[in-house]
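Asks: Below: one structure in structure tokens.
The values are calculated or read from the model by the stated rules, or taken from the named source; none is laboratory data. Remember, predicted model here, so these are calculated numbers, not experimental data. Note that each Cβ is placed from the backbone with ideal geometry, even for glycine, and that neighbours are counted across all protein chains shown.
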Amino acid sequence: MSMITTATFLSAALLLLVPGILSLATAKKDQIHLKIYNSISHGPNVTYTLDIAFRGILLGAMNNLQKDDRLRFSYTEDPNYGPFLVRVNGLAGNNTEHTYWQLLVKRGKTIIIPDVGIGCFIPKPGDTVILKFTKW
Ligand code: B12
Ligand SMILES: *[C@@H]1O[C@H](CO)[C@@H](O)[C@H](O)[C@H]1NC(C)=O
Ligand SMILES: *[C@@H]1O[C@H](CO)[C@@H](O)[C@H](O)[C@H]1NC(C)=O
């Protein structure tokens, strides 16, 4: 191959490859917001922006935040329903006091109360997941 045809071939190949690489990079991950809200003490809310894997579970995204030392949380493992969120940034729910961390999701203008916990819930890109410390 002459130099010119090689160069033409290479740029044609790049033109084909670049959009593919870009769409892979943007389609694979997306973002949600995670808001920590204490409805009992009414302290300041803390909001995180985090990446989610395609159809990844909320717990996975939260684990990534914890790994980066941005969020601290812990959960117990229920034999039937999986992970039950107990403590967020040092504050734990308490059966005697009837307090717990409720899982809410703001999607567009609607607030959703998921019927599953953090181990099963799959956020959608753009969701604001709210962890609300509240009473039952
Ligand atoms: C009472 C109750 C609660 C109470 C439990 C407190 C208490 N000490 O009583 C509170 C209000 C805290 C609660 C919270 C939630 N709950 Co609830 N809860 C129930 C309910 C009505 C009865 C459970 C019960 O007492 N069973 C009898 C006892 C003897 O059995 P047990 O195994 O010891 O019960 C324990 C577990 O059920 C556990 N538990 C309760 N809810 C949940 C949710 C999850 C995800 C996990 C892992 C464990 C768990 O707490 C109970 C007491 O220790 C059930 C529905 C039902 N009819 O079973 C839903 C139910 C278990 N909860 C459910 C859900 C989704 C939630 C929430 C995620 C709701 C939300 N969006 O915030 C949160 C948990 C958030 C978190 N922190 O992780 C779902 C679980 C379905 C699933 N496959 O995940 C159920 C089945 C109701 C439904 N929507 O269909 N819940
Ligand atoms: C925190 O968020 C909640 C619910 O999203 C909102 O109602 C409340 O006003 C906020 N609190 C503060 C201090 O901004
Ligand atoms: C829950 O609250 C009660 C009453 O305030 C307290 O005595 C107990 O130590 C608390 N339990 C946990 C696990 O923190």
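Asks: Consider Ile36 carefully, then state whether it is within 16 Å of ligand 2 (Cβ to nearest atom), in contact (Cβ under 8 Å) with a residue 40 or more places away in the chain and closer than 21 Å to Val116 by Cα.
Replies: Yes: the conditions hold for Ile36.
Asks: Of the numbered conditions (1) under 21 Å from the mean Cα position of the chain (by Cα); (2) of a type in the set (Val, Ile, Thr); (3) at pLDDT 95 or above, Thr96 satisfies every one except a single condition; which is it?
Replies: (1)
Asks: Among the residues of the stretch 2-23, is there at least one that is more than 15 Å from ligand 1 (Cβ to nearest atom) and modelled with pLDDT of 90 or more?
Replies: no
Asks: Then there's this: Just the residues that are more than 6 Å from ligand 1 (Cβ to nearest atom), among the small types (Gly, Ala, Ser) and either surrounded by 14 or more Cβ atoms within 10 Å (Cβ to Cβ) or in contact (Cβ under 8 Å) with a residue 40 or more places away in the chain (or both), please, taken from the stretch 108-128.
Replies: Correct list: Gly119, Gly126.
Asks: Take the conditions farther than 16 Å from Phe84 by Cβ and touching a Leu at 6+ places or on another chain (Cβ under 6 Å) and apply them to Pro123. Does it pass?
Replies: The answer is yes for Pro123.
Asks: Evaluate the stretch 71-88: report whether one residue or more is within 12 Å of ligand 3 (Cβ to nearest atom), charged (D, E, K, R) and under 23 Å from His42 (Cβ atoms).
Replies: So far as the stretch 71-88 goes, yes, one or more of its residues are within 12 Å of ligand 3 (Cβ to nearest atom), charged (D, E, K, R) and under 23 Å from His42 (Cβ atoms).
Asks: A follow-up question, please. If you go through the stretch 39-53 one residue at a time, do you hit one that is of a type in the set (Ser, Thr, Tyr) and over 16 Å from the mean Cα position of the chain (by Cα)?
Replies: yes
Asks: Mind listing whichever residues of the stretch 87-99 are away from ligand 2 (no atom under 16 Å from the Cβ) and of a type outside the set (D, E, K, R)?
Replies: Across the stretch 87-99, the qualifying residues are Gly90, Ala92, Gly93, Asn94, Asn95, Thr96, His98, Thr99.
Asks: Given the stretch 46-135, what strands (runs of 3 or more DSSP E) lie entirely inside it while holding 3 or more residues that are farther than 17 Å from Ile36 by Cα? I'd like the intermediate steps shown before the answer.
Replies: Working: elements: 46-53, 73-78, 82-88, 99-107, 110-112, 128-135.
Ranges flagged: 73-78.
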